[in-house]
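S.K.: Here it is: the structure, laid out below.
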Amino acid sequence: MDDDMVFDPSLKKKKKKKTGFDIDAALAGEQGESTSVEAPAGTGDVDLPEDDNLDLDNFGKKKKKKKKGVFNMEELESTLPETPPAEEPEQQEDEVIDDLDLDIDFSKTKKKKKKKNIEELVLEDDKGEDQENVEDVSGDLWSGTDRDYTYDELLERVFDIMREKNPSMVSGKKQKFIMRPPQVVRIGTKKTSFANFTEICKTLHRQPKHLLDFLLAELGTSGSVDGNSQLIIKGRFQQKQIENVLRRYIKEYVTCHTCRSPDTILQKDTRLFFLQCETCGSRCSVASIKSGFQAVTGKRAAIRAKTA
Amino acid sequence: MSIQNLNTYDPFADAIKSSEDDVQDGLVHVRIQQRNGRKTLTTVQGLSSEYDLKKIVRACKKEFACNGTVVEHPEYGEVLQLQGDQRENICQWLTKSGLVKPEQLKVHGF
């Protein structure tokens, strides 16, 4: 499907947003894109329902990402009336949405800031909608009747349209990659247990050994998997700290570097690890796990006794 | 309109730039290690050998009010060690002093 190609750049850009906050670049990319996807503009109203309820639930999440959306929306609305609605591409569009909407929600912390803009954004959306409604007769609930549309209806409509035109921007329908948080418990004073280690390995589709290597290298300690399939790490660690490391792992070794899809396979090829994406087919090498320099923290006498 | 031939051209523009880049090549790994109790150790690995690590460590010790040392490692070369969790500090300091570019820094640990 060649629409894929159209959307790809914005996806890449989006990634940047999360990590590097390169909002301008992302905006540029998305705007350019929004115009290209313009054709099926107002037509989406026909298939309104689908996941309206879901939609509302997701609002919180959606908005967080949408700071830039404020900008983009205006663009969208302004270009709208010029383009005649076309019926055919709709189908395709929908498929594309499904394809691309795998998204991973690492950036829980970062998103919070953007929440404030929700109200603003929604208001703006509404204004744009009103104008558009006049010219654009479509399959809305209120189209034939005299009654005023309600706020919720308008809201749904806005997001439907947005989803249609710019599936990558509106994360509303995005399937978040939700993981159970790691259960981290202290054992005694010096060890930490990571209880659902194997479970997490399963959800990430990675070998426990690989994740184990990474965790231990990053934390600079030693540890092992015990009989109850939980990971025992030497040293004191909190759940948050483990989460951070896991997030880094996912970013580097689980999500596709091109399209951010978590649907990937890690293969070993001539001593190098390659990440093969099942969604977009890209294949790239990933950094090998190295623990690097480890300073002497224990008793030097003990080491000397061992070696001598 | 501009006439290309009349433009001033600096033949060394590239050379100067690349020589600057060469001083620090490769990633600088900043790690943290847990010691006994709440104590930690920060190690900085991968700083270019062109730099005088002893001077760097002297400056860092003063700046962060911690002790530190330079350790020689057969594989990784000279490695900087600082007491306590100095990851933030060292990253800021290295970029501010222009020794390392922010994209060359890699912070490990929790």
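The values are calculated or read from the model by the stated rules, or taken from the named source; none is laboratory data. All of these numbers come straight from a predicted model, not from anything done at the bench. Quick reminder, even Gly has a Cβ in these numbers, built from the backbone with ideal geometry, and neighbours come from all protein chains shown. These area figures cover heavy atoms from the full protein model, side chains too; ligands, DNA and RNA do not enter into them. Shrake-Rupley method; radii C 1.70, N 1.55, O 1.52, S 1.80 Å.
S.K.: Quick check on my link table: of B:K39/B:K106; A:K202/A:K240; A:K240/B:K96; A:K240/B:K61, which ones sit more than 31 Å apart, alpha carbon to alpha carbon?
M.R.: Values: B:K39/B:K106 22 Å; A:K202/A:K240 20 Å; A:K240/B:K96 29 Å; A:K240/B:K61 29 Å.
Result: no pair exceeds 31 Å.
S.K.: Give me a comma-separated list of calculated 3J(HN,Hα) values for region A:279-296, in order, Karplus coefficients 6.51, -1.76, 1.60 applied at θ = phi - 60°, integers in Hz, x for any Gly or Pro.
M.R.: Going residue by residue, I get 7, 9, x, 6, 9, 9, 7, 10, 4, 7, 8, 10, 7, x, 5, 10, 6, 7 Hz, with x marking Gly and Pro.
S.K.: How many partner chain Cβ atoms sit within 10 Å of a residue's Cβ in peptide A:288-297, on average, as a whole number? Can you show the working numbers first?
M.R.: On the way: counts 0, 0, 3, 2, 11, 16, 8, 12, 4, 7.
That works out to 6 on average.
S.K.: Related question: Check which residues have an amide H placed less than 5 Å from B:V28's amide H, if you skip close sequence neighbours.
M.R.: B:L105, B:K106
S.K.: Skipping prolines and chain starts, which residues have an amide H placed within reach, meaning under 5 Å, of the one on A:S261, given they are 5 or more residues away or on another chain?
M.R.: A:C256
S.K.: Let me ask another. What number comes out for the charge environment of A:D226, summing +1 per Lys or Arg and -1 per Asp or Glu over other residues with Cβ under 13 Å away?
M.R.: Values: positive: A:K191, A:K234; negative: none.
Surrounding charge for A:D226 is +2.
S.K.: Near the amide H of A:G235, under 5 Å away, which other amide H atoms are found, from residues 5 or more places off or on another chain, if H is placed in the peptide plane?
M.R.: A:K191, A:T192
S.K.: Pop out the ³J(HN,Hα) list for region B:73-86 in order, Karplus 6.51 cos²θ - 1.76 cosθ + 1.60 with θ = phi - 60°, rounded to Hz; leave Gly and Pro as x.
M.R.: 10, x, 8, 9, x, 7, 10, 8, 10, 10, 7, x, 7, 10
S.K.: Starting from the residue with the highest accessible area, list A:D146, A:D213 in decreasing order, probe 1.4 Å. Intermediate values should be presented prior to the final figure.
M.R.: Numbers: A:D146 155, A:D213 65 Å².
Result of the area sort, largest leading: A:D146, A:D213.
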